[in-house]
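Worksheet: the structure to be examined is printed underneath.
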Amino acid sequence: MSEPALGDSVQRSWHRFLDVYEPLRPDLYRYCRYLSRSPWDAEDLAQDTLARAFVTVGCTAEPPANPRAWLFRVASNLWINRAKRDREVPTEAPEGDAAATPEPRATREAAGTLLVRLSPQERAAVVLKDVFDLTLDEIAETLATSIGAIKAALHRGRGKLAAPEPDEPAVPVPAALDAFCDAFNARDLDRLTALLLDTAIVEFPGLIVEHGPAAARDGSFRGTLLGCEVNDRRIGLVWPPRCEVRVHRGEPVLLWWWGGEVRSVVRVVVDGDHIASVRNYFHAPELLTEVCRELGVPFRTNGHHYW
């Protein structure tokens, strides 16, 4: 089979997979958000989880009996393995705090980074029990361990809960981001594309990946600046769009406005005077909601995909 035919077949299978599993996406993001230190890390972990789940489903004879718990297990394994690989060393709470009363669930739920002091297994166990109300049996199955180990992790974890770490101080906005905004707002496709490195990657995570300036120019950049008439009417975009730089958690990010609402947040990696990557979170409603609420700007989400 030729490569284009194989690519089309895989894409159709991926779309069918998302049609089945996307109703679980909000819970998956919420779980990943508790495990991760930022909404960006949570979105990346959720995307990686869906990708791993897609491959795993393709290799199994029977679909999982409890899809939500199974996605949590995939996310847990990815995150714990990543933490081990990065040699994450949790900060131990002082002995005097060991018997501290745990924060109420509503407080923990409102603070996305409250659990950073816990070890990977402790953090996952506390979230699965106190946030998602899984039973001890379900948590043990999700984390591939015993009920006794889960009880111990819950006891240790609840004693270590601490306030969120302060945000990192803001950093100067790179000139390349200002240049990107100027070109975007002028709808200057040539100038916008010229800012990209030859090796740049432009993507809508989990949906579209474009390699190099030419692909971006003919794909997502052209669609964003010049419009995709049918889709734009369907999701209520107001033209022309505009772009501005804001600082979120100490990091400059781009907000793309249509009318009086932010419809996308964009994370950009700058290399000198050029741009190495653009990650457009137009179809990431959970991340878009969290970032815009923290920035205090009006927003509107667009669903998880474009079809």
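The values are calculated or read from the model by the stated rules, or taken from the named source; none is laboratory data. Because the structure is predicted, anything quoted here is derived from the model rather than measured. All Cβ positions, glycine included, derive from the backbone under ideal geometry; neighbour counts span all protein chains shown.
Go through VAL266, VAL245 for me and flag whichever is farther than 22 Å from ARG33 by Cβ, in a strand (DSSP E or B) and under 23 Å from the mean Cα position of the chain (by Cα).
VAL245
Report whether or not ASN77 is of a type outside the set (Lys, Arg) and loosely packed, with under 15 Cβ neighbours inside 10 Å.
Considered against the rule, which asks whether it is of a type outside the set (Lys, Arg) and loosely packed, with under 15 Cβ neighbours inside 10 Å, ASN77 comes out as no.
Do any helices (runs of 4 or more DSSP H) lying entirely in the stretch 12-89 carry at least 3 residues that are within 22 Å of LEU136 (Cβ to Cβ), and which ones are they?
Result: 25-35, 67-85.
Hey, any hits in the stretch 290-303 for a residue that's touching a Phe, Trp or Tyr at 6+ places or on another chain (Cβ under 9 Å) and among the aliphatic types (A, V, I, L, M)?
Looking for residues that are touching a Phe, Trp or Tyr at 6+ places or on another chain (Cβ under 9 Å) and among the aliphatic types (A, V, I, L, M), one finds at least one in the stretch 290-303, hence yes.
Please indicate, with yes or no, whether at least one residue in the stretch 197-219 is of a type in the set (Val, Ile, Thr) and closer than 24 Å to ARG37 by Cβ.
Yes, the conditions are met somewhere in the stretch 197-219.
Can you pull out every residue in the stretch 269-307 that is assigned by TED's automatic domain parsing to the domain that holds GLY206, part of a loop (DSSP other than H, G, I, E, B) and within 20 Å of CYS32 (Cα to Cα)?
TYR281, PHE282, HIS283, ALA284
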